[in-house]
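**Q** One structure is given below, represented as structure tokens, and several questions about it will come after.
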Amino acid sequence: MGHKTSKLPTTPIRRRDASGHLDVNYAAGLRTITKANARPRDGTAFLSGPRSTVSLAEELGEEFVHSALSGGDELQDDREKIVTEEAGGPFIMTSGRTEFAHSHDASNRGATREPFPKT
């Protein structure tokens with residue numbers, strides 16, 4: 001059978017000396033990797049990076065910036081507003097006018113009606 005064996009280094013990587021300090025060669029390798037991955041310091045901080053796709057994270061970030069710059073807490077007022085879904089718990093009494101559609105769904109035009117199930 002054709003087993004492939006991975007070749008492991010015979011000597012372990014020396015990361016620290018006996019006193020616990022980083023090995024000189026290992027530290028130099030880490031500095032090289034760090035410099036290669038460093039971002040340019042152009043003063044844009046985290047603003048040049050991607051924005052969050054999570055709406056709550058986006059809202060909390062905007063609230064932080066707003067409150068840090070103005071000293072107010074404007075978005076907290078928006079979160080504390082009572083919305084229709086909160087009135088009455090999980091069941092809300094509404095009229096048929098609110099719940100049901102007024103016309104046919106455009107995606108169903110020309111569709112065949114499913115037969116009535118007999119089982």
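Rule-based calculations on the coordinates, nothing more; no lab input. In this text, all values refer to a predicted model and were calculated from it rather than measured experimentally. All Cβ positions, glycine included, derive from the backbone under ideal geometry; neighbour counts span all protein chains shown.
**Q** Applying 1/(1 + (r/R0)^6) with R0 = 25 Å to the Cβ-Cβ distance of Ser52 and Val83, what FRET efficiency is obtained, to the nearest 0.05? All intermediate terms of the calculation are to be shown ahead of the outcome.
**A** Details: r = 23 Å, r/R0 = 0.92.
Given R0 = 25 Å and the Cβ-Cβ separation, E is 0.60.
**Q** Which cross-chain or sequence-distant (5 or more) residues have an amide H under 5 Å from the amide H of Asp23, H modelled 1.01 Å from N in plane?
**A** When sequence neighbours closer than 5 places are left aside, the close amide H contacts are Arg16, Asp17.
**Q** Given 0.36 nm per residue, what is the gain on full extension from Ala101 to Leu69 after removing their alpha carbon distance, in nm?
**A** Details: separation 32, 0.36 × 32 = 11.52 nm, distance 4.55 nm.
Here the segment from Ala101 to Leu69 would lengthen by 7.0 nm.
**Q** For the ranges 31-38, 62-69, what's the packing order if you count other beta-carbon atoms within 10 Å of each residue, average per peptide, and put the highest first? It would help to have the intermediate numbers written out before the result.
**A** Details: 31-38: 8.5, 62-69: 11.8.
By packing density, highest mean first, the sequence is 62-69, 31-38.
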